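Each remark here refers to the structure printed beneath this line.
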Amino acid sequence: MNASAALFQQSGSPHSFQSVELPTLDDGETLVEISVCSLCRSDLHTHQGLRIEPTPTILGHEIIGRVSESRAGWGVGARVTWGIAAFCGTCYFCQHGIPQKCQHLFKYGHMQVSPAEPLSGGLATHILLRKGTAIYEVPAALGDEIGALANCSTATALAVIRASGAGAGDVVVIFGAGILGVTAAAILHSRGCRVLVFDHVPAAIERALAFGAEVGATTDEDLRSMVENATDGRGVDACLELSGQIDAVEKSIKLARIGGRVVLAGTTTPVGDVPIAPEQVVRRLLTITGVHNYAPSDLETALEFLSQYHDRYPFADLIGDSYSLADVDLAFTAAQRSAGKRIMVRPNG
């Protein structure tokens with residue numbers, strides 16, 4: 001039996017298709033038949049040429065599938081998802097709690113296709129999971145589409161919140177009410193935080209309110225007033241920059257209270273430099289940290305969160321149309337036009 005994969009070559013060119021003989025597994029490897037792959041914002045950036053990956057590549061890393069064969073202890077038919085990358089477990093970064101920065105990282109949906117690595121992304125009928133991949137069973141309560149949101153938007157939101165230290169009673173402002181932002185709002189709300197959201201798009205604010213945000217703002221003046229009213233002028237406990245906009249970084253640093261935390265996660269591509277007054281960071285006891293990708297434990301927590309709360313918040317509204325693998329180019333076109341929704345590709349159905 002052969003697998004089929006959609007190969008991305010370069011921005012502006014249609015995908016090509018490749019038939020691949022299913023591999024013989026080594027110890028620790030698992031072969032998964034893909035049920036659904038959702039198109040993440042990073043996939044769209046690569047497709048648009050805003051992000052450069054080695055090509056040809058098989059895009060897609062938000063995946064749900066069923067085990068076809070495993071030499072890692074998984075039973076055939078298990079419905080699973082997995083971390084965005086395989087890691088060695090022994091390098092400096094793995095040993096110091098940031099395996100997502102492993103010195104030997106293998107990142108699904110971002111690697112160049114080669115005879116040795118023919119099935120490494122979600123836009124294919126099958127994917128080969130390497131040894132060192134954190135694999136988790138998808139709870140029965142989650143359908144494939146919402147389950148796909150666990151990896152990576154929900155897991156990334158959890159990594160950001162973990163870095164922020166936000167807990168019950170804290171006032172948190174989120175910059176950017178896209179899928180990552182509204183997911184973070186729901187998680188924070190479920191934990192008893194007061195959630196404020198800033199986005200220039202009024203419809204995005206309306207959606208954030210449905211995901212647990214207390215109030216939102218679309219202008220700088222309303223943002224300042226919102227924070228003033230929510231905190232009696234002291235500033236917020238944590239700022240989460242999830243928009244990728246340089247002005248959001250500047251605003252975050254200004255709005256954090258004394259002892260507050262600023263977490264930057266949206267600026268994954270170069271946006272320029274931000275002036276920082278070191279004296280202000282020192283005197284205000286600020287903590288500024290960055291989050292890129294997530295740890296395997298964040299994915300496990302994401303599945304638990306979605307299993308418990310997918311009906312409490314309107315996660316179903318984040319799911320867009322589904323396309324076959326043969327129509328993958330149409331899927332990307334739809335995704336570019338469907339801000340705030342995940343377009344799904346079903347390679348085997």
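What follows is calculated from the coordinates using simple rules that are stated; it is not laboratory data. None of these values were measured; they are calculated from a predicted model. Every residue, glycine as well, gets a Cβ built from its backbone with ideal geometry; the counts of neighbours run over all protein chains shown.
Values for this structure:
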{"read-out": "Dipole of the stretch 153-290, positive end: most advanced residue of Val249, Ala217, Ser153 [Cβ charges, Cα centre]", "value": "Ser153"}
{"read-out": "In sequence order, calculated HN-Hα J values of the stretch 237-254 (Karplus, 6.51, -1.76, 1.60; Hz; x Gly/Pro)", "value": "6, 8, 10, 10, 8, 10, 9, x, 9, 5, 5, 5, 5, 4, 5, 4, 5, 6"}
{"read-out": "Paramagnetic reach from Leu209 in the stretch 172-199 [backbone N under 13 Å; point 7 Å along Cα→Cβ]", "value": "197"}
{"read-out": "Cα radius of gyration and Dmax for the stretch 104-208 (Å)", "value": "17.3, 53"}
{"read-out": "Lysine pairs within the chain, Cα separation less than 29 Å, 8 or more sequence positions apart or different chains", "value": "6"}
{"read-out": "Lys, Arg +1 and Asp, Glu -1 on Cβ, resulting dipole of the chain about Cα centre, debye, nearest 20", "value": "540"}
{"read-out": "Efficiency of FRET between Arg224 and Ile52 - r from beta-carbon atoms, R0 35 angstrom, step 0.05", "value": "0.40"}
{"read-out": "For the stretch 210-226, Karplus couplings with θ = phi - 60° (6.51, -1.76, 1.60), whole Hz, Gly/Pro x", "value": "5, 9, x, 5, 7, 7, x, 9, 10, 10, 4, 4, 5, 4, 4, 5, 4"}
